[in-house]
1. Give the residues of segment 138-163 that are small (Gly, Ala, Ser) and open to solvent by less than 50 Å² (accessible area, probe 1.4 Å), sorted by residue number.
2. Those residues that are charged (D, E, K, R) and either closer than 21 Å to VAL85 by Cβ or within 17 Å of the chain's Cα centre (by Cα) (or both), I need them from segment 20-57; list them, please.
3. Residues TYR206, TYR199: which one is open to solvent by less than 40 Å² (accessible area, probe 1.4 Å), aromatic (Phe, Trp, Tyr) and at pLDDT 95 or above?
4. Only one of these is open to solvent by 40 Å² or more (accessible area, probe 1.4 Å) and within 16 Å of ligand 2 (Cβ to nearest atom): ALA39, ALA17, ALA27, ALA44. Name it.
5. Taking segment 175-217 as the region of interest, how many residues are assigned to a strand (DSSP E or B), within 16 Å of ligand 2 (Cβ to nearest atom) and among the aliphatic types (A, V, I, L, M)?
6. When you check GLU93 against the structure, is it near ligand 1 (Cβ under 10 Å from one of its atoms) and acidic (Asp, Glu), yes or no?
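The values are calculated or read from the model by the stated rules, or taken from the named source; none is laboratory data. All values derive from a computational prediction rather than experimental measurement. Because the Cβ atoms are built from the backbone with ideal geometry, glycine has one as well, and the counts that use them run over all protein chains shown. Only protein heavy atoms, including side chains, enter the accessible area calculation; ligands, DNA and RNA are left aside. Shrake-Rupley method; radii C 1.70, N 1.55, O 1.52, S 1.80 Å.
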Amino acid sequence: MSTKDLLNQDKMPKHIAIIMDGNGRWAKQQGKLRTFGHASGVTAVKDVTEGAAELGVEVLTLYAFSTENWNRPKFEIDALMSLLVQTISKETETLMKNNIRLATIGDTNSLPSGVKEKLEKAIAKTAGNSRMTLVLALSYSSRWEITKAVREIANEVKEGKIDVDAINENTISSHLTTSEWPDPELMIRTSGETRISNYLLWQLAYAELYFTTKLWPDFRKEDLYEAIYNYQNRERRFGMISEQVK
Ligand code: IPE
Ligand code: IPE
Ligand code: MG
């Protein structure tokens, strides 16, 4: 039996965010280059994307490259960028077939022009797909995103478009790069690290966090089901007491 059969369709998270971590260690364990781990991680991306769509998840956000990852050795950055180009070119047809829309969050202007072009093409091509949105966080960090939002809001105040006293949580949410999607209910991080690494700090305010020691290239649909099963068996109290949410 698969854990999938134990899942409650009425309690399915609408938005799942994942920190795909452990590619380098996975490769090292096999005496291979870190970049081999990244290439192998693509299989996990495909399997988990398909699995999430089959479950009826509306948004899947994957942390693919952080602002801080620009500090890695150039060789590794270059390999990640070309892997990105290759994968997008190869997989756009699968996205079309599975009715999945591609989107990105992050400072995509900082990406090499070849990557940016391929991304824009795939985003435009899949724009009408409606089954699930696959969001790639690329050159993304939460502090970058919040700083950008604050700058935009400050400008709108300066231009008289909004009143300082009218600024509320919605003002902030609507200036984040994730404004069109609900906040993730579940955040999964692989590889055993138990930190957020500058990911969706505002949006994860009330998310359930799930950490697994599995390294990303080994993560599959079945592991996604387990994470969701774990999530569905938690009591989400949102500050209230147990009796109130039962
Ligand atoms: C995650 O795997 C992929 C990216 C950050 C691009 P890592 O490359 O961080 O792998 P580890 O954590 O070093 O094993
Ligand atoms: C977070 O993983 C970024 C991505 C998965 C893209 P890292 O491996 O870069 O994070 P740290 O360095 O462990 O915090
Ligand atoms: Mg890592």
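1. We begin by selecting, within segment 138-163, every residue small (Gly, Ala, Ser); these are 139, 141-142, 149, 154, 160.
SER139, SER141, SER142, ALA149, listed by residue number.
2. If the condition is that a residue be charged (D, E, K, R) and either closer than 21 Å to VAL85 by Cβ or within 17 Å of the chain's Cα centre (by Cα) (or both), then ASP21, ARG34, LYS46, ASP47, GLU50 are the ones that fit.
3. TYR199
4. After ruling out the rest, the residue left standing is ALA39.
5. Narrowing segment 175-217 to residues assigned to a strand (DSSP E or B): 186-189, 208-211.
Retained after the next criterion (residues that are within 16 Å of ligand 2 (Cβ to nearest atom)): 187-189, 209-211.
Applying the additional criterion that residues be among the aliphatic types (A, V, I, L, M) yields 187-188, 209.
Looking only at that region, the number is 3.
6. Values: near ligand 1 (Cβ under 10 Å from one of its atoms): no; acidic (Asp, Glu): yes.
Here the answer is no, as GLU93 does not meet what is asked.
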